[in-house]
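> Here it is: the structure, laid out below.
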Amino acid sequence: MPVVEVFDTTLRDGLQVEGVSATVEDKLRIAEQLDHLGVHYIEGGWPGANPKDIEFFARAASELELATSTLVAFGSTRRPRGKVDDDATLRNLVEAGTSAVCIVAKSSEYQVVEALKTTLDEGASMIADSVRFLRGEGRTVLVDLEHFFDGYRSNPEFSLRAIEAAVVNGASHLVLCDTNGGTLPTEIGRIVGDVVAHVGDDAIIGIHCHDDTGCAVANSMAAVDAGARHVQGTLNGLGERTGNTNLSTVIPNLQLKQGYECLPEGHLERLTVVSHHVAETLNRAVNPQAPYVGSSAFAHKAGLHVSAIVRAKDAYEHVDPDQVGNGTRFVVSEMAGRATIQTKSDELGLSMDGAVINQVIDDLKRLEHEGYHFEAADASLELLMRRASGGVPEFFRVESMRVITDELPDGEFNTEATVKVWVGSGDAAERHVWVAEGNGPVNAIDIALRKAIGKALPQLARIHLTDFKVRILDGGSATGATTRVLLTATDGERDWTTIGVSPNIIEASWRALEDSLVFGLLHSVEDP
Ligand SMILES: [Zn+2]
C-alpha cells in the first residue's frame, strides 16, 4: 500500500481556535495520544513565539518517549534582509532540539511584496538561506508554503521559484498550504498535479488545508489523488476560523476507501478513543455527528431498520465501525418495538426474557409520556434495562438532601447543599453527611455528594460533567412547567448522557446526576 504520511498540527495550528488553551502538561498528554495513534509527525508548537512552547520542547526532550511519531518544531524563514546566523526564530528552532523542523515560507508574490515589503529575489533567498542553515544543523526540514494556491493562481513562476529554493537546499517536504481556505477540490488537484510533475522525486509534496468552504477533507483527498503523499491537519478538525483538515475523517477515508497506509498496521481502530481523548483534554466535546468517530456515526433508529441491520450489518453502514474503534448503536425511542429492545439487550450482554422485555417497554412508554427522551440519553436507557434485569449494584443510597440559595446583601447568590448518604450495603453500610457550596444548586449537590462518597469510591475522581442542558417541556404553564435535564459526563475515554425529568428543576437535575455517576461507576468497575 502506498504510504500517505500524517502530520498532526493540533498542538500548533489547532490551538489557534477561539476558546481553547492548553497547558504544557496537556500538550505532553496529547502528544502521547497522537503517538499512540501512530501519526508520522507531531507539530509541537512554535518555540520563540511563546514561553510555553519553549517549556514544552524542553520537557518533551526528557519526558516524552515517542514510539512511532517524530516531534516537529515550527518556525519561519529568516526575516527579510536579515542573516541566518543571528536570526532569533531560527536559533529557537534549533534549540528546540527536535530532529525535524517545519518552517513557514511566503510563496505568493502578493504576500512577499505586500506583507514582507521586499523583492521577489529576497523572498526566494529567505527560503534558500533558511533551509540551507537548518540542514547544516542536521535537521530534516519541511517547508510550509503559505498562501501557495492563491499565489500560484496569480504568479505561478514565483510560487515554483519558492519551491525550487527549498528543494535545491535540501527540504524533505514541500507542504502546499491553502492558508485562507478558499480553494476548491478541482483546482487543488490541478495545481498539486502541476507541482508534483515539476518536483518529481526530489521532495515529498504535502497538503495543508483549512475548512472555510467545508472542503478541507475533500481538498486534501484531491491533493493525494494528484500525487501528494503527506497530509497535515488536526484530530477533530480543530483550528482557527472553521478549522483545519479533520484527520479523524481523512485518515479512514484514505486508508479504508482508497488503500493508502496512513497509520501503522492495527492502529486505525484506536482512532475513536484517541479523538475523544484529545478533545476531552482540550475541553471540547467531539461533535456527535462527526464522521467515523462521532457517537451518532453508527447509530440507528426506528424498528424496521433495526431489525434489518441485525440481519445484515453492512446494509446500513458504509464501513464496519470496529475498523475505527467505534460501534454500532441502536437508538431506542417510543416507536421502537420488541426487536429494538431485544437487540439493545443483546448488545449490552443482558439475558432478558420476554417478561422483562415487556416490563422495559412499559416503563419506556410511561417515562416517554412523562417527558423522558431516551434517544439522547443512552446511559439512562442502559441503566433502566440493567435495573430491570437486576444488574446494577447499589453504590450509594441518598437518605436526604437539601439545597439553600441565599441572596447576599451585595446582590451575589450563595448556594449550599447538604447531602446525607449511605455507602456500602447491609451492616457494613456507612453514613456520610457533607455540606458544600457551589455556583448553583446542581454544582453544590455534585460537590457535596462527591465529598461524601469520594473516599469510598475513588473512581469518581475520573468522572466529570461536561455538559448540562435544560429544556422546558410544556412551556404553556411557565414556571409550573416540566423540566427536562440532559447531563453529559466523561471519564476521559467515553462520554455518556443521562436524563432527568420533573416539574422541579432540582429533582430533574438530581435524577440525571445520579444516573450519570452510577453509569460511570458501573463502567469503571467493569473495565478498570
Ligand atoms: Zn494552517
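> For H208, H464, H432, give the ranking by accessible area with the largest first, probe 1.4 Å.
H464, H432, H208
> If I histogram all Cα-Cα distances within the stretch 31-138 using bins 10 Å wide from 0, what percent of pairs lands in each bin?
15, 41, 29, 13, 2
> Rounded to the nearest 500, what is the chain's calculated 222 nm mean residue ellipticity when only DSSP H runs of at least 4 contribute -39500 (n - 2.57) each, over all residues?
Rounded to the nearest 500, the figure is -11500 deg cm²/dmol.
> Work out the P(r) tail for the chain: percent of alpha carbon pairs separated by more than 46 Å, whole number.
When all Cα pairs of the chain are counted, 27 percent exceed 46 Å.
> Based only on Cα atoms, what Rg/Rh ratio does the stretch 432-504 have, Rh being taken as Kirkwood's radius?
Taking Rg over the Kirkwood Rh, I get 1.05.
> How are the Cα pair distances of the stretch 395-528 distributed, in percent, across 10 Å bins from 0?
12, 38, 35, 13, 2
> At a 1.4 Å probe, what is the % contribution of carbon and sulfur to the accessible area of the chain?
Roughly 49 percent of what the probe reaches on the chain is carbon or sulfur.
> Continuing with this model, one more query. Leaving ligands and nucleic acids out of the surface, order S248, S425 by accessible area at 1.4 Å, largest first.
Most to least solvent-accessible, the answer reads S425, S248.
> To the nearest 10 square angstrom, how much accessible area does W422 have with a 1.4 angstrom probe?
Around 70 Å² of this residue is reachable by solvent.
> Based on a Kirkwood Rh over C-alpha pairs, give the Stokes-Einstein translational diffusion coefficient of the stretch 364-421 at 4 °C and viscosity 1.567 mPa s in µm²/s.
Result for D is 87 µm²/s.
> Mean 1/r over all different Cα pairs, inverted: what Kirkwood radius does the stretch 213-322 give, in Å?
By the Kirkwood definition, the hydrodynamic radius is 15.2 Å.
> A further question follows. With a 1.4 Å probe and all protein chains in place, put D491, D121 in order of accessible area, largest first.
Most to least solvent-accessible, the answer reads D121, D491.
> In whole angstrom, and with the biggest value first, how far do the Cα coordinates of the stretch 21-91 range along each principal axis?
If we take the Cα atoms of the stretch 21-91, the spans are 42, 23, 22 Å.
> Provide the percentage of antiparallel DSSP beta bridges, counting only those with both residues in the chain; round to the nearest 5.
50
> Just the accessible area for T488, please: 1.4 Å probe, Å², rounded to the nearest 10?
Ignoring ligands and nucleic acids, T488 comes out at about 30 Å².
> Give me the percent relative contact order of the chain, please, defined on Cα pairs under 8 angstrom at least 6 residues apart.
Worked out over the chain, it gives 9 percent.
> Let me ask another. With an 8 Å cut-off on Cα pairs and a minimum separation of 6 or more residues, tell me the relative contact order of the stretch 384-517 in percent.
Relative contact order for the stretch 384-517 comes out at 14 percent.
> Pairs K420/K451; K27/K451; K365/K469; K420/K469; K301/K469; K27/K52: which exceed 18 Å Cα-Cα?
Distance filter (> 18 Å) returns K27/K451; K365/K469; K420/K469; K301/K469.
> With a probe of 1.4 Å, find how much accessible area the chain has per residue, and write the answer as a whole number in Å².
Per-residue accessible area for the chain comes out at 44 Å².
> For the stretch 407-418, just list the computed ³J(HN,Hα) in residue order, Karplus coefficients 6.51, -1.76 and 1.60, θ = phi - 60°, integers in Hz, with x standing in for Gly and Pro.
For the stretch 407-418, the Karplus-derived couplings read 8, 7, x, 7, x, 6, 10, 10, 10, 10, 10, 10 Hz, x marking Gly and Pro.
> Let me ask something else about it. In whole Å and largest first, what semi-axes does the C-alpha gyration tensor of the stretch 82-152 yield when each eigenvalue is scaled by 5 and square-rooted?
They are 23, 13, 9 Å, listed from largest to smallest.
> Rg/Rh for the stretch 126-255: what does it come to with C-alpha atoms and Rh from Kirkwood?
0.97
> Give the aspartates and glutamates whose C-alpha is closer than 14 Å to that of K117, dropping any in the same chain fewer than 8 places away, or say none.
The qualifying aspartates and glutamates are E109.
> Moving on to the next point. Calculate the tail of P(r) for the stretch 190-254: the fraction of all Cα-Cα distances greater than 20 Å, expressed in %.
25
> Test of understanding: given the chain, find the longest segment containing no trypsin sites (Lys or Arg not before Pro) that are in a DSSP loop and have at most 13 other Cβ atoms within 10 Å.
Here the longest segment lacking exposed loop sites spans 242-454.
The values are calculated or read from the model by the stated rules, or taken from the named source; none is laboratory data. Predicted model only: the values in this text are computed from it and were never measured. For neighbour counting, all protein chains shown are included, and Cβ atoms are generated from backbone atoms with ideal geometry for every residue, glycine included. Just the protein is used for accessible areas: all its heavy atoms, side chains included, with ligands, DNA and RNA removed. Shrake-Rupley method; radii C 1.70, N 1.55, O 1.52, S 1.80 Å.
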